[in-house]
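The values are calculated or read from the model by the stated rules, or taken from the named source; none is laboratory data. Owing to the predicted nature of the structure, the values given are computational and were not obtained by experimental measurement. So basically every Cβ, Gly included, is an ideal-geometry build from the backbone, and we count neighbours across all protein chains shown.
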Amino acid sequence: MNKVEALYAKKNEIMKKSVGIDYDKYEYGTLSFDYDLLMEEAGYTLSQIDQIQSIYGANHTPLKELLHINQLVKACSKEGYGARIFLKDEALNDSGSFKARRASIACYHAKKLGFRGVIAATSGNYGAAVASQAAKHGLKCIIVQECYDSLGIGQPEIIEKSRACEAYGAEVIQLSVGPELFYVFLQLLEETGYFNASLYTPYGIKGIETLGYECVQDCLALTNKVPDAIVVTNAGGGNVTGTARGVLQATQKKVQIIGASVNLKGLHMAKDTDFNKKSFTTGHTGFGIPFAINPDRSDVPRSAARPLRYLDRYVTVTQGQVFFMTEVLCLLEGIERGPAGNTSLAAAFAIAKEMKTDQIVVVQESEYTGAGKHHQAQLSFARNQGIHIAFGNPQEEIPGKSILLPNNLKDFTVQEIFLPDVRAQYLKTILGNQESIQEVDIAYLMAETKLTRQEVISYLEQHGIQWEETYAKQTISGR
Amino acid sequence: MIPAQTMVLIESIVLTPEQRLASLPIETRLTPLKMWVKGTLLQEAMLGDSVSIKTATNRVVCGILKEVEPHYTHSFGQFVPELLTVRTMIEEILHEDKSNE
């Protein structure tokens, strides 16, 4: 066993100490865990979270109707079509993104438990959010980032986030490309005894529930209606999960939850030579699809982010479409924001064209922009990396080779990710080489995938997997 | 000589290519996993020396001294003419729409 494997073998023990949750107690059946109990026992009601976030600058951002963009939507929609788009301007949270909501609860909880510091492994806005919230609580903070390729070229967006973290007093560990970032992360948790401010603990998810709740409440206040759809940028699944859970607490009316990711098909996330060929470091399919198929690949034993439980629809947009909409948001609305945060805006633009004029679609985030993150910085960097930038049909964009800015807004469409396929992939991954599961696992798989009992059973039958009904009943009564 | 207490950047190798995960794509597996950390020098040294630093969380970390008083150089990038074209395109669509009313 080499030193990486030796440390990975201690993972569960390190995690238990660093998040203060004994995940083993939630396990049952052959492959299930009690998600609802995990979320409940983490504590913090929606109103408690709202109070904490109000003190620490991480909620109640304005919901803004994008009036001129909405004119543009109507100008390129069929008669009677073109829904109203509203933007929840999350860039106005302290540290400049919705991630402040997640970090606010993680850091509050770390302080409450008596930890001296917090650690997060993230190259995204979450690093700045944790650093900012840690500063507010007087906690030490370490952010571990995947930052440079082997030639020493840094992705400018990540470099900007290093700067932001340091501005809030954090120690930043910058690494070259590779998933062994997790090895460094575990080493640091073991060495410092700090709290693991993972994006995937119940705290990291509960912090976003207020965002879903506010999207509904703000929309009601402005229009007297609940949104017909909320478009949520999807990467690790936390944004979708937390937002949808918040919506469910705000209204009994059906609000469609639409996930959106930037299409980076063909680029390998762990490949050194692909690292700087992407213009988006998060909110892309390279995270979105693997985390939907296997949520527990995260940095905690059981992820509280479980997007397949909540997604009604999942779409992709291209890098060129997102850059285009980022420029349009500046020009037409006077709102200059970062491109990655506008992934859901680009998707909403296309989706609004399919919806009737009296319908409402809410884009639930935006993020700050600046040197490195700015869409001009990213396009310029991409061009220097040899990426072909031009106007064209977005659907012909090849990630890593071209970025095509749409040349015709009538063809500005999203691509569907067929959720039944993702659900089947989820089942394939979780069931692996299982020969049999228990009755209780069937209900768990139904909740995880939104499939019916019959659909789960027919998958089991097709793959020759048995389930043990009698044993399961005894287990339920014993629990 | 760079005096002690100076803010510096150090580089170290966390994993050699032989120690990297076998499952990695070959392009990554052939390179070492490198780490860069900032902190104040614990003793005077020259660029390229093996040194110890104290980080923002008061940890002591060792590595090769790479940069003195490191600063950021990321920017808003070079001019991207396509963004100007977006402007023209949007103006035309909205103008056309208005003239149709």
Next item on the list: Can you work out which of the residues in segment A:256-279 that are closer than 30 Å to A:Gly246 by Cα and in contact with an Asp or Glu (Cβ under 8 Å, 6 or more places away or on another chain) is surrounded by the fewest Cβ atoms within 10 Å (Cβ to Cβ)?
Entry: A:Gln256
Notebook entry, point to check: A:Leu311 is checked against (1) of a type outside the set (Phe, Trp, Tyr); (2) away from every other protein chain (no Cβ under 12 Å); (3) surrounded by fewer than 20 Cβ atoms within 10 Å (Cβ to Cβ) and fails just one. What number does that condition carry?
Noted result: (3)
Check: Restricting to segment A:289-329, what's the tally of residues that are of a type in the set (Asp, Glu) and without any contact (Cβ under 8 Å) to a residue 40 or more places away in the chain?
Finding: 1
Margin query: So in segment A:226-249, with the set limited to residues that are part of a loop (DSSP other than H, G, I, E, B) and not hydrophobic (A, V, I, L, M, F, W, C), which one is surrounded by the fewest Cβ atoms within 10 Å (Cβ to Cβ)?
Written below: A:Asp228
Item checked: Selected residue [assigned to a loop (DSSP other than H, G, I, E, B) and surrounded by 20 or more Cβ atoms within 10 Å (Cβ to Cβ)] from B:Gly77, B:Gly48, B:Gly39, B:Gly63 -> B:Gly77
Check: Do we find that A:Lys16 is over 24 Å from the mean Cα position of the chain (by Cα), more than 14 Å from every other protein chain (Cβ to nearest Cβ), without any contact (Cβ under 8 Å) to a residue 60 or more places away in the chain and part of a helix (DSSP H, G or I) in this structure?
Finding: no
Next item on the list: Go over the candidates A:Ala229, A:Ala250, A:Ala270 one by one and state the one that is touching a strand residue (DSSP E or B) at 6+ places or on another chain (Cβ under 8 Å) and not assigned by TED's automatic domain parsing to the domain that holds A:Ile14.
Entry: A:Ala229
Next item on the list: Please work out if A:Val361 is outside any strand (DSSP E or B), away from chain B (no Cβ under 14 Å) and either more than 30 Å from B:Met89 (Cα to Cα) or in contact (Cβ under 8 Å) with a residue 60 or more places away in the chain (or both).
Entry: no
Notebook entry, point to check: Any residue in segment A:193-202 that is over 22 Å from A:Asn93 (Cα atoms), surrounded by fewer than 22 Cβ atoms within 10 Å (Cβ to Cβ) and touching a residue at least 12 places away in the same chain (Cβ under 8 Å)?
Noted result: yes
Checklist line | A:Ala348, sole failed condition from (1) assigned to a helix (DSSP H, G or I); (2) surrounded by fewer than 24 Cβ atoms within 10 Å (Cβ to Cβ) | finding: (2)
Next item on the list: Among the residues of segment A:380-409, write down those that are out of contact with any Phe, Trp or Tyr (no Cβ under 8 Å at 6 or more places or on another chain), assigned to a helix (DSSP H, G or I) and more than 10 Å from every other protein chain (Cβ to nearest Cβ).
Entry: A:Gln395, A:Glu396
Item checked: Failed item in (1) under 30 Å from B:Ser23 (Cα atoms); (2) facing another protein chain (nearest Cβ under 7 Å), with A:Gly124 passing the rest -> (2)
Notebook entry, point to check: In segment A:412-425, is there at least one residue being at negative phi, among the basic types (Lys, Arg) and surrounded by fewer than 16 Cβ atoms within 10 Å (Cβ to Cβ)?
Noted result: no
Notebook entry, point to check: In segment B:20-38, what residues are out of contact with any Gly (no Cβ under 6 Å at 6 or more places or on another chain) and either closer than 28 Å to B:Pro70 by Cβ or among the charged types (D, E, K, R) (or both)?
Noted result: B:Arg20, B:Glu27, B:Arg29, B:Leu30, B:Thr31, B:Pro32, B:Lys34, B:Met35, B:Trp36, B:Val37, B:Lys38
Note to self: The conditions are (1) touching a Ser or Thr at 6+ places or on another chain (Cβ under 7 Å); (2) crowded, with 24+ Cβ neighbours inside 10 Å, and A:Tyr168 fails exactly one of them. Which is it?
What the structure shows: (2)
Notebook entry, point to check: Checking A:Gln425 against (1) over 30 Å from A:Ile465 (Cα atoms); (2) in contact (Cβ under 8 Å) with a residue 40 or more places away in the chain; (3) in a helix (DSSP H, G or I), which single condition isn't satisfied?
Noted result: (1)
Check: Out of curiosity, is B:Lys54 within 30 Å of A:Thr369 (Cα to Cα) and either touching a residue at least 12 places away in the same chain (Cβ under 8 Å) or within 10 Å of chain A (Cβ to nearest Cβ) (or both)?
Finding: no
Notebook entry, point to check: Which one of these does A:Met325 not meet: (1) within 27 Å of B:Glu92 (Cα to Cα); (2) crowded, with 24+ Cβ neighbours inside 10 Å; (3) in contact with an Asp or Glu (Cβ under 7 Å, 6 or more places away or on another chain)?
Noted result: (3)
Notebook entry, point to check: In segment A:109-160, which residues are outside any helix (DSSP H, G or I), touching a strand residue (DSSP E or B) at 6+ places or on another chain (Cβ under 9 Å) and among the hydrophobic types (A, V, I, L, M, F, W, C)?
Noted result: A:Phe115, A:Val118, A:Ile119, A:Ala120, A:Ala121, A:Leu139, A:Cys141, A:Ile142, A:Ile143, A:Val144, A:Cys147
Check: Within segment A:250-266, is even one residue within 14 Å of another protein chain (Cβ to nearest Cβ) and either of a type outside the set (A, V, I, L, M) or within 21 Å of the chain's Cα centre (by Cα) (or both)?
Finding: yes
Notebook entry, point to check: With (1) surrounded by fewer than 24 Cβ atoms within 10 Å (Cβ to Cβ); (2) away from chain B (no Cβ under 14 Å); (3) assigned to a loop (DSSP other than H, G, I, E, B) as the list, and A:Phe287 as the residue in question, which single condition is left unmet?
Noted result: (3)
Next item on the list: For segment A:214-222, state whether one or more residues are of a type in the set (S, T, N, Q), assigned by TED's automatic domain parsing to the domain that holds A:Pro307 and touching a helix residue (DSSP H, G or I) at 6+ places or on another chain (Cβ under 8 Å).
Entry: yes
Notebook entry, point to check: In this structure, is B:Thr28 surrounded by 18 or more Cβ atoms within 10 Å (Cβ to Cβ) and assigned to a loop (DSSP other than H, G, I, E, B)?
Noted result: no
